[in-house]
Amino acid sequence: MIKVMCISAALVCTALLANAQEKIEVMRYEYQMTMPSTKETGDEAASQGGTEIVYLDILNNESRCVSEGNVKREETLIEFSTGAKKDADIATRMAALSSFRSKVKWSIYKNGSDLNTYGTSGVETYNVGESVSLVKWDILPDVEEYEGMKVQKAIGELSGRTWTVWFTQDIPLIDGPYKFKNLPGFVVKAEDSTGDYKFELLKSEKAVATYWLSPRQEKAMKIDKKQWDKIRNVNANKSFSQIMNERGGTATFKMVDDKGKDVTDELTKKKMGKEDKPIEFY
């Protein structure tokens, strides 16, 4: 596992600080998300497959699908920026943030017919706009039982993956995890044909969120899906150091492996490469 011992970065752009926000009451649907093992470079722990908890939070007519790890990380950033721990030193901040790891690289927000995916490529956060009707579903007529609910099955294709989902009308919502919404019911389970990815509903409860959109997401550059794919493909052929230089900024990292060897130069000057086994191919 690669460890970041300290980080000091200075960019020409204005630093994004989290702002304190009021508590937000949401209806939370908790899913277990299964992910594949990947060919990550330099971080063996990050390459292992496994499961994570993701939330589908409902706020009035809006929803967001985010990983538990990313939510807790953002909440920690808010606390250190404007909360009780705003005077903590950098070592304390890094130690707190490192306890929240997530392999989920996206946050999905749905509002009416709009679907927005927030993701980062290089050091920039983007807001990718799409329609909630982007998946064309083939709905099968058979009704099955799943965890005490009556469900129907639907099959559709999304960016190179074929998905099977199970939806129910026992939960009075038109929504689901990830980008799955345009079905006559609520998606309680979804899996792709390769077995790489799976979402399974675990429970639902009322919850309190510290934020809805993070400060970085609020300032994200708006683009479409075609632009997003192009940006990621271009950045895949660049190193992190090159991307920082193009931004007119500097960064100082010290990264060590399990044996304490400094691998900073090796990793920051290596091409970033494309994501292995992404949930959507590009």
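The values are calculated or read from the model by the stated rules, or taken from the named source; none is laboratory data. Bear in mind the structure is a predicted one, so any value in this text is a computation, not a measurement. Cβ sites come from the backbone with ideal geometry, for glycine too, and all protein chains shown count toward neighbours. These accessible areas exclude ligands, DNA and RNA; they are computed on the full protein's heavy atoms, side chains included. Shrake-Rupley method; radii C 1.70, N 1.55, O 1.52, S 1.80 Å.
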Total formal charge among the other residues, if their Cβ is under 15 angstrom from that of V208, Lys/Arg +1 and Asp/Glu -1:
-4
Taking the simple approach of a point 7 Å from Cα along Cα-to-Cβ for both K222 and K259, what is their distance in nm?
5.2
Let me make sure I get this right: for the range 150-208, a, b and c are the square roots of the gyration tensor eigenvalues over alpha carbons, sorted descending. Under 1.5 in a/c it's rounded, otherwise prolate if a/b > b/c, else oblate. Which is it?
prolate
Rounded, prolate or oblate: which fits the range 170-282, taking a ≥ b ≥ c as square roots of the Cα gyration tensor eigenvalues, rounded meaning a/c under 1.5, else prolate when a/b beats b/c?
prolate
In terms of modelled amide H atoms, which long-range or inter-chain residues lie less than 5 Å from the amide H of Y197?
D192
Amide H partners (placed H, <5 Å) of A209, local residues excluded:
I24, E25, V26
Among the aspartates and glutamates, which fall within straight-line cross-link reach of K222, defined as a Cα-Cα distance under 12 Å, with same-chain neighbours fewer than 8 residues apart omitted?
E124, E130
For the range 162-216, compute the number of Lys pairs whose alpha carbons are separated by less than 14 Å, excluding pairs fewer than 8 positions apart on the same chain.
5
Ignoring ligands, DNA and RNA, please state the percent of accessible area on the range 187-232 from carbon and sulfur, probe 1.4 Å.
48
Taking R0 as 25 Å, what FRET efficiency do you get between S102 and A207 from their Cβ-Cβ distance, rounded to the nearest 0.05?
0.90
Around S121, which amide H atoms from residues at least 5 apart in sequence, or from another chain, sit under 5 Å from its own amide H, with H modelled in the peptide plane?
Y126
Apply the Karplus parameterisation 6.51 cos²θ - 1.76 cosθ + 1.60, with θ equal to phi minus 60°, to every residue of the range 51-56 and state each ³J(HN,Hα) to the nearest whole Hz, in sequence, with x for glycine and proline.
10, 9, 8, 10, 9, 10
What net charge is computed for the residues neighbouring S131, neighbours being all others with C-beta under 14 Å from the C-beta of S131, Lys and Arg scored +1, Asp and Glu -1?
+3
Of W163, W228, ordered by accessible area with the largest first and a 1.4 Å probe, the sequence is W228, W163
Å² of accessible area per residue within the range 122-173, as computed with a 1.4 Å probe and no ligands counted
52
Under the Karplus curve 6.51 cos²θ - 1.76 cosθ + 1.60, θ = phi - 60°, whole-Hz ³J(HN,Hα) for the range 271-282, x wherever Gly or Pro sits:
4, 5, x, 7, 5, 7, 6, x, 5, 10, 6, 8
